[in-house]
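The numbers here are math on the coordinates, done by the rules we state, and not lab data. Given the structure is predicted, the values throughout are model-derived calculations rather than measurements. Cβ placement follows ideal geometry from the backbone for every residue including glycine, while neighbour counts extend to all protein chains displayed.
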Amino acid sequence: MKLVIQRVQHAEVEVNNKTVGKIKKGFLVLLGVTNGDTEANADYLAKKLCKLRVFEDENERMNLALNDVGGELLIVSQFTLYANCSDGNRPSFTDAAKPDEAEKLYEYFCRKCEEEYKIHVEKGIFGADMKVNLLNDGPVTIVIEK
């Protein structure tokens, strides 16, 4: 499982010109699931994400987590994080988990962040053609994989 985390001032995701998820300050998270990922992977990454201290404190040091700043999550599934471009110019996506498996882990991950870590979660629509708008803050972009 792989997360691309962007600290944002605001972000939203649209499907068919309709906003389906929208947050203010927080993280836009692009989440990819690979073959063999488990709920244990999701548990580890949910904890890392929700406790990640990359918001500035009163001394302008990255020292605060989402709950410390009232931050929110916008989590968008993205199988292309597991694109393999090593042969030729057309990526292979065989490393991405099958859609039914990936969707279960995506939904589990979102619930874990919301229920266990008490973070407000907005989502895209799994498998849809989505348009993501964001204002990256910093910019701060972090990749975590488990």
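Data table
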{"quantity": "Helix 39-51 vs. the chain, principal-axis angle (Cα, 0 to 90°, nearest 10)", "calculated": "30 degrees"}
{"quantity": "Mean residue ellipticity (222 nm) of the chain, computed from DSSP H runs ≥ 4 via -39,500 (n - 2.57), nearest 500", "calculated": "-7000 deg cm²/dmol"}
{"quantity": "Additional length obtainable on full extension of the chain from ILE144 to ALA128, 0.36 nm per residue less Cα span", "calculated": "3.4 nm"}
{"quantity": "Percent antiparallel among DSSP beta bridges (both partners in the chain, rounded to 5)", "calculated": "75 percent"}
{"quantity": "Choice from ASN84, ASN59, ASN136 showing the highest fluctuation, given a GNM over the chain with Cα pairs closer than 10 Å", "calculated": "ASN59"}
{"quantity": "Ratio of the Cα radius of gyration of segment 42-146 to 2.2 N^0.38 Å, where N counts its residues", "calculated": "1.22"}
{"quantity": "Residues SER92, SER77, SER86 arranged by fewest to most Cβ contacts within 10 Å", "calculated": "SER86, SER92, SER77"}
{"quantity": "Links that overshoot a 23 Å alpha carbon limit, given the list LYS98/LYS118; LYS22/LYS118; LYS22/LYS131", "calculated": "LYS98/LYS118"}
{"quantity": "Cα long-axis angle, helix 99-115 against the chain (0 to 90 degrees, to the nearest 10)", "calculated": "10 degrees"}
{"quantity": "Hits among aspartates and glutamates - C-alpha to C-alpha of LYS24 under 14 Å, sequence gap 8 or more where chains match", "calculated": "GLU12, GLU72, GLU122, ASP137"}
{"quantity": "Residues with amide H under 5 Å from that of GLY21, placed H, sequence gap 5 or more", "calculated": "VAL13"}
{"quantity": "Extended-chain gain in nm, criterion 0.36 nm per residue less alpha-carbon gap, ASP87 and ASN17", "calculated": "21.7 nm"}
{"quantity": "Rounded to the nearest 20 debye, dipole of the chain from Cβ charges on Lys, Arg, Asp, Glu", "calculated": "100 debye"}
{"quantity": "Cβ-based net charge around CYS50, under 10 Å, with every Lys or Arg adding one and every Asp or Glu removing one", "calculated": "+3"}
{"quantity": "Low-density loop cleavage sites - GluC sites (Glu not before Pro) in segment 14-60, where at most 10 other Cβ are within 10 Å (DSSP)", "calculated": "GLU58, GLU60"}
{"quantity": "Relative contact order, percent, the chain [alpha-carbon distance under 8 Å, six or more residues apart]", "calculated": "39 percent"}
